[in-house]
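Okay, so here's the structure we're looking at.
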Amino acid sequence: MKKILAIGLVLVLVLGMVACGGGGEDTDADVPVYKAITEATFPPFDTVDENGNVIGFDMDLIAAIGEDQGFKVEFVDMGFDALIPAIESGTGDIITAGMGITEERAEKVDFTDTYYDSALIVVVAADNETINSVDDLTADMKVASQIATTGAGKVESLLADGKIKEAVILDGFDACMLQVINGDVEAVIVDEPVANAYMAKQPGKVKTVGDVMDAESYAFAVQKGNAELLEMINTGLQNVKDNGTYDELVMKWIAGETE
Ligand code: GLN
């Protein structure tokens, strides 16, 4: 009898720990946990807090979608160029990385409905008086961008057209900004909302010049053929748009930060 009581007590304790989340780990067997992969040098979409946790608009949005659709997410930070290979190999489930839909990428992964419209912009040091648009870039200049991004594609095509001297392709967006601030490169090409957020956080260091270029729309991405997950994300995205959560997140992370 004592033994049964003791086993009962252990069971109650174990069940209690499971119900409380077992110290942070998700142990609720009914709720699937997807690996949401990102490159976290891209605020306000993807960044890290002072404790190293991955946070941002993309994280809150996919978490809200998951809450609506009955799944959880855990975030994994990796190089931007590693995201699509990780989805292809199945080591990641959902790209949440401010990734724009391109034809080339869509051959390798399935994109969800779009969740944010963006475009590229040229960023120069705040005191640069000579570059006022992409047309002012010249064949003696170095221009930086982040590896495997649409910005890097733009920089590489400027190089191929002989319009700049060197394409400086770096791992993180923050590294690109340091290069332009330090004068190692004349310009950076990056997504406009990310440039705006940077300027709002660190005023007086850099500025955007000229018109936006090469419009793109961000979407989440899943493994090719994973129709079930794709459908859940699309339905959840529509629901969080309809119930006002999406607008709250735009205000929290993007509009509220830069206006
Ligand atoms: N939107 C850009 C792209 O899709 C950059 C994304 C990023 O650096 N996280 O390539």
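The values are calculated or read from the model by the stated rules, or taken from the named source; none is laboratory data. The model shown is predicted, which means the values in this text are computed figures rather than measured ones. Positions of Cβ are generated from backbone atoms using ideal geometry, with glycine treated the same way; all protein chains shown enter the neighbour counts. Accessible surface is based on the protein model in full, side chains and every heavy atom, while ligands, DNA and RNA are left aside. Shrake-Rupley method; radii C 1.70, N 1.55, O 1.52, S 1.80 Å.
Each residue of the range 154-164 was assigned a 3J(HN,Hα) from its phi angle through the Karplus expression (A = 6.51, B = -1.76, C = 1.60, θ = phi - 60°), giving 5, 4, 5, 6, 5, 5, 4, 7, x, 8, 9 Hz with x at Gly and Pro. The charge dipole of the range 22-130, taken about its Cα centre with unit charges on the Cβ atoms of Lys, Arg (+1), Asp and Glu (-1) only, comes to about 160 debye.
With each label modelled as a point 7 angstrom along the Cα→C-beta vector, the SER133-LYS252 pair spans 3.9 nm. Taking every alpha-carbon pair under 8 Å whose residues sit at least 6 apart, the range 44-140 reaches a relative contact order of 18 percent. The long axis of helix 57-69 is offset from the longest Cα principal axis of the chain by roughly 30 degrees.
In order along the range 197-211, phi translates into HN-Hα couplings of 5, 4, 5, 5, 7, 10, x, x, 9, 9, 9, 8, 10, x, 7 Hz, rounded to whole numbers, per the Karplus curve 6.51 cos²θ - 1.76 cosθ + 1.60 with θ = phi - 60° and x for Gly and Pro.
On a full-extension model of 0.36 nm per residue, what is the gain between ASP140 and ALA175, subtracting their alpha-carbon distance, rounded to one decimal in nm? Provide the component values of the computation, followed by the final result.
On the way: separation 35, 0.36 × 35 = 12.60 nm, distance 2.12 nm.
Between ASP140 and ALA175, full extension yields an extra 10.5 nm.
For the range 157-259, carbon and sulfur atoms together expose 46% of the accessible surface, with a 1.4 angstrom probe and every protein chain in place.
Distances between placed amide hydrogens fall under 5 Å for ALA126 paired with VAL206, LYS207, all partners being 5 or more residues away or on another chain. Result for the chain in a Gaussian network model with C-alpha springs under 10 Å: among ALA97, ALA64, ALA175, the largest mean-square fluctuation is at ALA175.
Note the full-extension length gain between GLU156 and LYS108 as 0.36 nm times their separation in residues minus their Cα-Cα distance, in nm to one decimal.
Details: separation 48, 0.36 × 48 = 17.28 nm, distance 2.13 nm.
Gain on extension, GLU156 to LYS108, equals 15.1 nm.
Which value, in debye to the nearest 20, gives the size of the charge dipole of the chain about its Cα centre, when Lys and Arg are +1 and Asp and Glu are -1 at the Cβ?
Numbers: 16 positive and 47 negative charges, 176 e Å.
Dipole size: approximately 840 debye.
The P(r) of the chain has a tail past 26 Å containing 46 percent of all C-alpha pairs.
Working note: 222 nm ellipticity from helices only, DSSP H runs with n ≥ 4, each -39,500 (n - 2.57), summed and divided by the residues of the chain, gives -11000 deg cm²/dmol to the nearest 500.
So what is the relative contact order for the range 130-173, in percent, with contacts set as C-alpha pairs under 8 Å and at least six apart? Please report the intermediate quantities before stating the final value.
Values: 58 pairs, mean separation 19.9, N = 44.
Relative contact order, the range 130-173: 45 percent.
Using the heavy atoms of the protein chains alone and a 1.4 angstrom probe, what is the accessible area of the range 144-259 per residue in square angstrom? Heavy-atom SASA per residue in the range 144-259 reads 48 Å². Using only side-chain charges placed at the Cβ, +1 for Lys and Arg and -1 for Asp and Glu, the dipole size of the range 203-259 relative to its Cα centre rounds to 240 debye. Amide H to amide H distances under 5 Å link VAL185 with VAL180, where only residues 5 or more positions off or on other chains count and H is placed in the peptide plane.
Using R0 = 25 Å, the C-beta based FRET efficiency linking LYS201 and GLU67 works out to 0.30.
Our coupling estimate for the range 229-240, obtained by passing each phi through the Karplus curve with A = 6.51, B = -1.76, C = 1.60 and θ = phi - 60°, is 5, 4, 5, 4, 5, 5, 5, x, 4, 4, 5, 6 Hz, Gly and Pro reported as x. Given contacts defined as C-alpha pairs under 8 Å and at least six residues apart, what's the relative contact order of the chain, whole-number percent? Once normalised by length, the contact order is 25 percent.
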